[in-house]
Structures are given as structure tokens and as C-alpha cells.
Amino acid sequence: MARIALNARLLIPGKLEGTGRFTYQCYKRVVTERPDDEFLLIFDRNPSSEFDLGPNCKSICLLPPARRPWLFDLWFDFAITWKLKSWKADAFISTDGYISRRTSVPQLNVIHD
């Protein structure tokens, strides 16, 4: 059983466009197709129940909210790094073009065109 952390920063209720829809569809499919794995949706705001992807997926809010470029560095390089280590993640998937530069956890950076 793998523990996979998912960057859910772009999953904003009522405001899913382009990359947000792509993110939601990708995450929904991977969570459904891998019922034996454990997933953690990591938001930078309070998670909405709209994005409840299944019993094998939990949602958390991790501060600080990454709303400005300099906050992206704090969120990805410190908050995400800490959470991946404390949750003992086996992998981290991000769909917004950013990943952590400070973690040893394997990462997948998916970019929607």
C-alpha cells in the first residue's frame, strides 16, 4: 500500500476551470483505480466536501495560503516538505507546475497544456 500526497491547491469550489478540472479528473481517476493506496489531498484553504474522492482519500489544509509567488516557496519548500515527511508519503503529485525543492520524496510534476 502506497501513501500518495496530492497537491489540491487548484481545487477551488465553484471555480474549476482548465487546470482545476484537469486536476480534479486526474485525481478522481487515480484514487478510484487504486483503492488499496492511501491518498492525502493537500489544500492551502479549507477543503470542500465537493472534493471528497473516496474512503481512501483524506483532505487537509496546510498553511500558509499560497496566493503569491513568494508564498509558493514557503508552501512547497517548507510546509509541503514537512507534511510529506510527517505523513511518511511515498510520492507527491502536483498539477500546477510547482514541486518542492527540499524533499527527498519522489515527485511527479504534471503540467496541463
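The values are calculated or read from the model by the stated rules, or taken from the named source; none is laboratory data. Every value quoted in this text rests on a predicted model; they were computed, and no experiment measured them. Using ideal geometry, Cβ is built from the backbone for each residue, glycine included, and neighbour counts are taken over all protein chains shown.
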Flagged in the stretch 58-74 as of a type in the set (A, V, I, L, M, F, W, C) and touching a residue at least 40 places away in the same chain (Cβ under 8 Å), in numbering order, are 66
Is it true that some residue in the stretch 13-36 is assigned to a strand (DSSP E or B) and either free of Cβ contacts under 8 Å to residues at least 40 places away in the same chain or at negative phi (or both)? no
Taking strands (runs of 3 or more DSSP E) that do not extend beyond the stretch 37-113, which have at least 1 residues that are among the polar types (S, T, N, Q) and modelled with pLDDT of 95 or more? 57-61, 91-94, 107-109
Exactly one of these conditions fails for residue 66: (1) small (Gly, Ala, Ser); (2) loosely packed, with under 12 Cβ neighbours inside 10 Å; (3) touching a helix residue (DSSP H, G or I) at 6+ places or on another chain (Cβ under 7 Å). Give me its number. (2)
Checking residue 88 against (1) of a type outside the set (A, V, I, L, M, F, W, C); (2) in contact with a helix residue (DSSP H, G or I) (Cβ under 8 Å, 6 or more places away or on another chain); (3) farther than 23 Å from residue 25 by Cα: exactly one of these is not met. Which one? (2)
Report yes if residue 48 is surrounded by 14 or more Cβ atoms within 10 Å (Cβ to Cβ) and under 13 Å from the mean Cα position of the chain (by Cα), otherwise no. no
Anything in the stretch 1-28 that is modelled with pLDDT of 95 or more and either acidic (Asp, Glu) or under 11 Å from residue 54 (Cβ atoms) (or both)? List them, or say none. 27, 28
Given the conditions (1) out of contact with any strand residue (DSSP E or B) (no Cβ under 6 Å at 6 or more places or on another chain); (2) within 19 Å of residue 113 (Cα to Cα); (3) of a type outside the set (Val, Ile, Thr), and given that residue 49 satisfies all but one, which numbered condition is not satisfied? (2)
